1. Is segment 62-75 home to any residue that is under 22 Å from VAL92 (Cα atoms), part of a loop (DSSP other than H, G, I, E, B) and of a type in the set (D, E, K, R)?
2. Going through ARG84, ARG23 one at a time, which residue ends up being basic (Lys, Arg) and under 23 Å from GLU267 (Cα atoms)?
3. Just wondering, is there one or more residues in segment 60-74 that are at pLDDT 85 or above, under 24 Å from GLU4 (Cβ atoms) and not aliphatic (A, V, I, L, M)?
4. Just wondering, is there one or more residues in segment 98-115 that are at pLDDT 85 or above, part of a loop (DSSP other than H, G, I, E, B) and outside the structural domain of ARG259 (by TED's automatic domain parsing)?
5. Any idea which residue in segment 258-271 is farthest from the chain's Cα centre (by Cα), counting only those that are in a loop (DSSP other than H, G, I, E, B) and either surrounded by 15 or more Cβ atoms within 10 Å (Cβ to Cβ) or among the small types (Gly, Ala, Ser) (or both)?
6. For segment 231-256: of the residues being assigned to a helix (DSSP H, G or I) and of a type in the set (A, V, I, L, M), which is surrounded by the fewest Cβ atoms within 10 Å (Cβ to Cβ)?
7. Quick test of your reading of the structure: VAL278 fulfils all but one of (1) free of Cβ contacts under 8 Å to residues at least 40 places away in the same chain; (2) outside any loop (DSSP other than H, G, I, E, B); (3) not small (Gly, Ala, Ser). Name the failing condition by number.
8. Would you check if LEU30 is surrounded by 17 or more Cβ atoms within 10 Å (Cβ to Cβ) and touching a residue at least 24 places away in the same chain (Cβ under 8 Å)?
Amino acid sequence: MDEELIGIGAFAARARLSAKALRLYDRLGLLAPARVDTATGYRFYRPDQVERARLVALLRQLDMPLARIAGIVDADDGTTAAARLAAYWADVEERLAGQRTLADYLRGRLSGRSSEMYGKFVVETVDVPAQVLITESRHTLADELPTWIGASLGRLEEAAPECGGVAGVPFVAYHAEVSMESDGPAEACVPVADEAAARAWAERRGRAWETAVRVEPAQRLAFTRITKAQVAHPQILAAFEAVEEWMRERGLTPAGPCREVYFADWEAAGPEDPVCDVAFPVARAEH
């Protein structure tokens, strides 16, 4: 058995890595030697471990967390390993898209070029009919908001069949500012078809999740469409500010709480795909 093993120096040369890197991979649990001499502590490796060593080194160049590297190098087959790598890189691209959007937002802030920043957003108006809404409300800070939005809208959409079915696009309304210091409240809303059934559902639910039913009157929304990468806080603030600036220029004032209207499949969307309208209700008589 020992005759088939090679020392760390020779193995490092074959793998085109340093002995220091191999010791690190061992310490991280990514590439254990085939044998360690108990007297000298000298490490020995099998020749077939060379490919794993090179793969670990390449994956580390992607700044991949150790747990995800282990999941790839320990995969049962190449197809599974490739799929795990693809999933990791999709996460990286989504994070980088968000950071790029944030950097653009901060550059506009720091340079005083707010008007130029707002000009990147196209603001339009749309008339929305009266809607029966089943809702959940919560006081939440910005860092907790994404998790709460997904969970609350999911619960409401599951309840919608009891209320005549979904009758419009779900949205989140902000009755006060949500930031790292201010906790709203925010209100998750799903339009449904049957008001009586919705009120019966809310009565059965009691105060669970702060559920309620309300009828929102017909109204006009001023909105701008944003991508998944732009939804993150604080870069989404630029979209809200752009709509507010557009309204100020036309002498318009909000006629209700601002909102985020989620019209796309969030999980299926890529970072540059449009997923959300940032909107303010305005008086229908205004143009």
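The values are calculated or read from the model by the stated rules, or taken from the named source; none is laboratory data. The shown structure was predicted, so the numbers you read here are calculated from the model rather than taken from an experiment. Note: ideal-geometry Cβ built from the backbone for every residue, glycine included; neighbour counts use all protein chains shown.
1. Taking every residue of segment 62-75 in turn, at least one turns out to be under 22 Å from VAL92 (Cα atoms), part of a loop (DSSP other than H, G, I, E, B) and of a type in the set (D, E, K, R).
2. ARG84
3. Checking segment 60-74: at least one residue is at pLDDT 85 or above, under 24 Å from GLU4 (Cβ atoms) and not aliphatic (A, V, I, L, M).
4. No: zero hits.
5. Applying the filter and picking the extreme gives ALA264.
6. LEU237
7. Going through the list (1) free of Cβ contacts under 8 Å to residues at least 40 places away in the same chain; (2) outside any loop (DSSP other than H, G, I, E, B); (3) not small (Gly, Ala, Ser), VAL278 breaks only (1).
8. So LEU30 passes the test.
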